[in-house]
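Everything below concerns the one structure shown next.
The values are calculated or read from the model by the stated rules, or taken from the named source; none is laboratory data. Just so it is clear, the model here is predicted, and its values are computed rather than measured. A quick note on method: Cβ atoms are made from the backbone with ideal geometry, for glycine too, and the neighbour counts reach across all protein chains shown.
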Amino acid sequence: MKPLHNKVALVVGVANTHSIAAGCAQAFADAGAEIAMTYLNDKAKPYVQPVADAVGAGLLLPLDVEVEGQMEAVFDAVRGKWGRLDILVHSIAYCPADDLHGRVVDCSRGGFARAMDISVHSLIRMARLAEPLMDKGGTILTMTYYGGEKVVDHYNIMGPVKSALEGTMRALAVELGPKLIRVNAISPGPLQTRAGSGIAHFDELIDAARSRAPEPDLISIEDVGAVATMLASDGAGRVSGDIAYVDGGLHVRA
């Protein structure tokens, strides 16, 4: 039997076929899960539709976390189709470009608030909506980066934002643990995605990963999907509140 047989997974954050979330959706489908996916807006949908088609998604719905009511509509649709949810992947982050590319000390109040709302508070909102659908337990996964632990050049304000995301993940793991809902984060190394390309001097992060990681090959979205599948499986039933690094060992280097 496949490791995610008869499980229902909602994957939020697919931008195109190269997204980390797309790697998770494909891995889940290959492991036997039923897939629900979201897309940001009508402009984004044509780039997400091929992923939905490839994984045989049972639902493909719009979700802009800044639009009132859309998140609730997604979870209502999952409830209506399957009556439950076993896996939730939160793979969204955003910061206005001027704030992302500037110094932390120069980050605007509005830019910081928006980055925190979209990148962090959205996880809290999704967990609240997922909780009643995971009445027999479940798995919530979010995506972080090493820049949330150490200061990484050019990652700027997203470092503090990811720090907040990791702290939120741990708090949710404690609060939801009694209901057998596990909450973990995955920390991929640099890879070529649409989100990564928005970081200034991103090629330097890629080069550093290639030269400094104990495993010299860059990671892929398939690598992240494989770890997400492992964490979502029953075999990881006692793993919660943790960060799984998928970076070829880069995070252990001083």
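Some points to look at:
- Against the conditions (1) in a helix (DSSP H, G or I); (2) at pLDDT 95 or above; (3) crowded, with 21+ Cβ neighbours inside 10 Å; (4) among the small types (Gly, Ala, Ser), residue 159 satisfies every one except (3).
- Residues in the range 36-44 include at least one that is surrounded by 15 or more Cβ atoms within 10 Å (Cβ to Cβ) and touching a Lys or Arg at 6+ places or on another chain (Cβ under 9 Å).
- Out of 119, 108, 91, sole residue that is in contact with a helix residue (DSSP H, G or I) (Cβ under 8 Å, 6 or more places away or on another chain), of a type in the set (S, T, N, Q) and over 20 Å from residue 24 (Cβ atoms): 108
- Any hit, the range 147-154, residues being touching a Gly at 6+ places or on another chain (Cβ under 6 Å), surrounded by 15 or more Cβ atoms within 10 Å (Cβ to Cβ) and under 22 Å from residue 226 (Cα atoms): no
- Within the range 99-152, the set of residues being under 30 Å from residue 238 (Cα atoms), basic (Lys, Arg) and over 16 Å from the mean Cα position of the chain (by Cα) comprises 128, 136, 150.
- Residue under evaluation residue 112, criteria (1) within 20 Å of residue 169 (Cβ to Cβ); (2) crowded, with 18+ Cβ neighbours inside 10 Å, criterion not met: (2)
- Consider the range 45-98 and keep the residues that are part of a loop (DSSP other than H, G, I, E, B), touching a residue at least 24 places away in the same chain (Cβ under 8 Å) and of a type in the set (A, V, I, L, M, F, W, C). The one that is nearest to residue 237 (Cα to Cα) is 85.
- Tally, over the range 98-147, of residues that are of a type in the set (Gly, Ala, Ser) and touching a strand residue (DSSP E or B) at 6+ places or on another chain (Cβ under 8 Å): 5
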